[in-house]
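Comments concern the structure below.
The values are calculated or read from the model by the stated rules, or taken from the named source; none is laboratory data. Small disclaimer: the values here were computed from a predicted structure and weren't measured. Reconstructed Cβ throughout: ideal geometry from the backbone, glycine too, with neighbour counts over all protein chains shown.
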Amino acid sequence: MLARSRSKASLERRCAAPGRRLVWSVAAGLGLVFLAPARAAAEERVSREDASARAALGQRLFSDTSLSADGRVSCETCHQPGAAFTDGLPVSRGVLGRVGTRNAPSLLGLAQMRELFWDGRRDSLEALVFDPLTAPEEHGLEDVQAVLSAVRARHASDFERVFPGRGVTQQTVAQALADFVRQLPVASSAFDRAQAGDRAALVPAQRRGWALFTGRAGCARCHHLEGGALTDGAYHAGEVRSELIPHQAEAAREAVGMSREARRASVPARAEMAALGRFAVTLSPTDLGRFRTPSLRNVAVTAPYMHDGSIPTLLQAVERELYYRSTPGRQVGDLTPSERSDLVEFLKALTSAVSPSHPPDATPRVH
Ligand code: HEC
Ligand code: HEC
């Protein structure tokens, strides 16, 4: 078994095999100076290979519609590789056509993100991946046991190969899916090439938009350019739908009455609960209606926008942001129409090439 022979334990067993004893005792005679680096390098290679075997297994789970209540929904339904792992809908649609309350974010580059979901209610991918599987509006499986049975029905032997002696458990399923999502790369974009010194990577409108983004328009205050994630990972006021405002106080009271785990378990089922944002995690009044600043990587291919998908186009999103984030006294009118269009052109420079593990024929499907 391939994966098993790669494990650390069996590597040690192989070293101790009779035919190799002589080699190892001679090597030992040469001292640790020789052995230690060679062994560390071998162990590092083994753990890299293990992670990629787990990610490959996670990828199979990611696209498997049998892991859902109606046999039609997989992670890919809402996180489509050809659309930077989003679904093109304002709010996602899961099993039996059930409509959710939030816009599906891109999954590219999440390895850098400290807190996950629009409200940051999970702090690791491993802790997160069972949420969509058991959410009634997403995969709709009853509970963790139902997920494990569905995984066993199709992937038991693959799990035994990749996780020898452990097989399908809550931890191994979480690890495989998390490793797959974690390694989804942020491929290079025209902006990255420009930052690395290639002046020809951006057209003049994009260069002007870049200067506005970091300068007068003030976008980089929250969509940080340092580190390349295009987010500060912090929470700021988000879009508010006027029809939800009268229900806010009652929704907040309801959240206060819920257990910590119930507030984190899955995507909020009702729009007025979803609109509470970060408040549902911290119960701090200053967090009411706040959402994690989204990364703007690939933003040109992930319409519609905002946590509730309420803004259809990139130009409208830029205009909303200009209007609501501007410092007091400044209005959207401060930027001319051609300057706003320069900002949009700059945002287009943040689109990455399609990742190599997901060829361009993985076109987005609209459900
Ligand atoms: C029915 C649509 C749907 C399905 C199916 C779905 N997701 Fe999501 N996903 C969403 C939505 C909507 C959000 C945002 C929810 C929120 O922030 O409250 C999300 C958020 C996430 C995030 C957090 C991203 C971030 O920026 O913090 C990860 C990771 C993720 N999903 C992974 C998965 C995995 C893995 C699966 C399959 C096991 C899956 N999703 C299945 C719709 C879906
Ligand atoms: C004070 C912090 C802050 C500033 C300044 C800011 N943003 Fe944002 N931006 C956010 C937050 C938070 C959201 C999510 C709001 C929501 O979901 O309701 C967001 C959302 C967006 C989106 C939608 C992304 C998506 O995937 O849905 C775009 C586009 C955007 N901002 C562009 C800009 C531009 C352009 C500027 C400068 C004019 C700017 N932002 C200034 C915090 C900020």
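Can you pull out the residues in the stretch 255-272 that are without any contact (Cβ under 8 Å) to a residue 60 or more places away in the chain, closer than 16 Å to Ala135 by Cβ and assigned to a loop (DSSP other than H, G, I, E, B)?
Residue satisfying the conditions is Met258 alone.
Could you say which residue among Leu133, Leu184, Leu128 is within 10 Å of ligand 1 (Cβ to nearest atom) and within 30 Å of Val344 (Cα to Cα)?
Of the residues listed, the single one that is within 10 Å of ligand 1 (Cβ to nearest atom) and within 30 Å of Val344 (Cα to Cα) is Leu184.
Checking the structure you have, find out if any residue of the stretch 116-124 is crowded, with 17+ Cβ neighbours inside 10 Å, within 16 Å of ligand 2 (Cβ to nearest atom), at positive phi and aromatic (Phe, Trp, Tyr).
Yes, there is a match, as at least one residue in the stretch 116-124 is crowded, with 17+ Cβ neighbours inside 10 Å, within 16 Å of ligand 2 (Cβ to nearest atom), at positive phi and aromatic (Phe, Trp, Tyr).
Can you name the residue in the stretch 90-106 that is within 9 Å of ligand 1 (Cβ to nearest atom) and over 17 Å from Ser68 (Cα atoms) and is also surrounded by the fewest Cβ atoms within 10 Å (Cβ to Cβ) among such residues?
This residue is Thr101.
Please report, ordered by residue number, the helices (runs of 4 or more DSSP H) entirely within the stretch 145-252 with at least 3 residues that are modelled with pLDDT of 95 or more and in contact with a Phe, Trp or Tyr (Cβ under 8 Å, 6 or more places away or on another chain).
Correct list: 170-182, 204-214.
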